[in-house]
Amino acid sequence: MKTRFVTGIVFGIFGVIGVGLLAGASFSFLHARDFVARAIAAQGVVTDLVRSRSSSRNSGSSSYSPVVTFETAQGQRIEFTGSLSTNPPAYRPGEQVRVLYLPDDPYAADIGGFWNQWFLSILLGGMGTVFAAVGVVPLLLFVRGARRSTWLRDQGRLIQARFQCVEQVRNVRAGGRRPYRIICQWQDPMTLKVHLFSSELIWFDPTQYIQRDQVVVRIDPRDPRIHEVDISFLPELAE
């Protein structure tokens with residue numbers, strides 16, 4: 001139960017981060033859309049490149065932001081630094097560029113172009129989608145599994161299944177370890193069909209602690225494929 005709780009917390013954290021990033025992407029999109037709708041176009045020229053270094057101590061990479069000068073419709077000369085910093089530089093000094101600026105605040109200006117206006121929205125949206133997929137979807141599955149487990153404990157049918165083996169799950173890995181699960185089988189006396197059951201993931205080898213031939217399993221009477229193997233007889237893993 002403790003493992004399930006911790007797993008739920010981890011998924012929840014990823015989900016919250018994902019939702020926060022998606023909210024930021026939405027805010028950035030609405031801001032950019034409002035800017036583009038209100039902005040006036042002008043012709044500008046790149047006068048310089050501002051170099052910025054990565055904040056990582058072990059990284060020597062740099063990126064460059066263009067410094068642009070333009071004149072407003074009223075003849076006011078404005079200088080600003082472009083919002084997008086790239087390596088290699090996307091612009092060179094002396095290059096003419098299309099500028100978008102707000103008529104009531106000409107210093108709120110940027111180079112006109114798809115990536116200049118929408119890059120932040122796309123970046124936050126992409127990261128938010130990844131975090132949400134990692135967190136929210138598994139969290140929903142986790143909640144669904146927890147509800148199913150509660151239902152089985154309250155209304156499920158208790159059966160005795162024959163212990164078969166302990167197998168290691170090769171396609172799951174966490175903290176350098178691979179989990180195990182208990183496999184057991186049961187023949188339905190009504191249909192004579194054999195059902196195989198597997199336990200939840202166990203983060204230690206439980207083989208030496210299984211001193212029994214029968215394992216309790218809770219099943220849905222309508223569909224034995226919905227089941228829960230009772231592993232409460234195993235010792236808890238020390239943190």
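The values are calculated or read from the model by the stated rules, or taken from the named source; none is laboratory data. The shown structure was predicted, so the numbers you read here are calculated from the model rather than taken from an experiment. No Cβ is skipped: glycine too gets one built from the backbone with ideal geometry, and neighbour counts run over all protein chains shown. When the accessible area is computed, the model is the full protein with side chains, heavy atoms only, and any ligands, DNA or RNA have been set aside. Shrake-Rupley method; radii C 1.70, N 1.55, O 1.52, S 1.80 Å.
Taking the C-alpha atoms of the chain, how large are the radius of gyration and the largest Cα-Cα span, Dmax, in Å?
Just the Cα atoms of the chain yield Rg and Dmax of 29.8, 91 Å.
For the chain, with a Gaussian network of springs between Cα atoms less than 10 Å apart, report the residue from Gly145, Gly18, Gly94 with the top mean-square fluctuation.
Gly94
Evaluate 2.2 N^0.38 Å with N set to the residue count of region 99-185, then give the Cα radius of gyration divided by it.
Scaled against compact globular proteins, the figure is 2.15.
Please check: in the Gaussian network model of the chain (C-alpha springs, under 10 Å), which one of Gly176, Gly44, Gly113 has the largest mean-square fluctuation.
Among Gly176, Gly44, Gly113, the largest mean-square fluctuation in the Gaussian network model of the chain belongs to Gly176.
Accessible area, 1.4 Å probe, largest first: how do Thr86, Thr69 sort?
The ordering from most to least exposed comes out as Thr86, Thr69.
Please determine, in degrees from 0 to 90 and to the nearest 10, the orientation of helix 114-155 with respect to the longest principal axis defined by the Cα atoms of the chain, where the helix direction is its Cα long axis.
So the helix axis and the longest Cα principal axis differ by about 20 degrees.
Using only the heavy atoms of the protein chains and a 1.4 Å probe, how would Cys165, Cys184 rank by accessible area, largest first?
Sorted by accessible area, descending: Cys165, Cys184.
Which value, in debye to the nearest 20, describes the size of the charge dipole of the chain about its Cα centre when Lys and Arg Cβ atoms bear +1, Asp and Glu Cβ atoms bear -1, and nothing else is charged?
Here the chain has a charge dipole of around 800 debye.
Relative to the longest principal Cα axis of the chain, at what angle does helix 2-38 sit, 0 to 90 degrees, rounded to 10?
Between the helix axis and the principal axis of the chain, the angle is about 20 degrees.
Full extension from Leu192 to Ile13: what is 0.36 nm times the residue separation minus their Cα-Cα distance, to one decimal in nm?
Contour length minus Cα-Cα distance gives 59.9 nm.
Given 0.36 nm per residue, what is the gain on full extension from Arg173 to Leu140 after removing their alpha carbon distance, in nm?
Value of the extension gain: 9.8 nm.
With all protein chains present, calculate the accessible area of Arg148 using a 1.4 Å probe and round the result to the nearest 10 Å².
120 Å²
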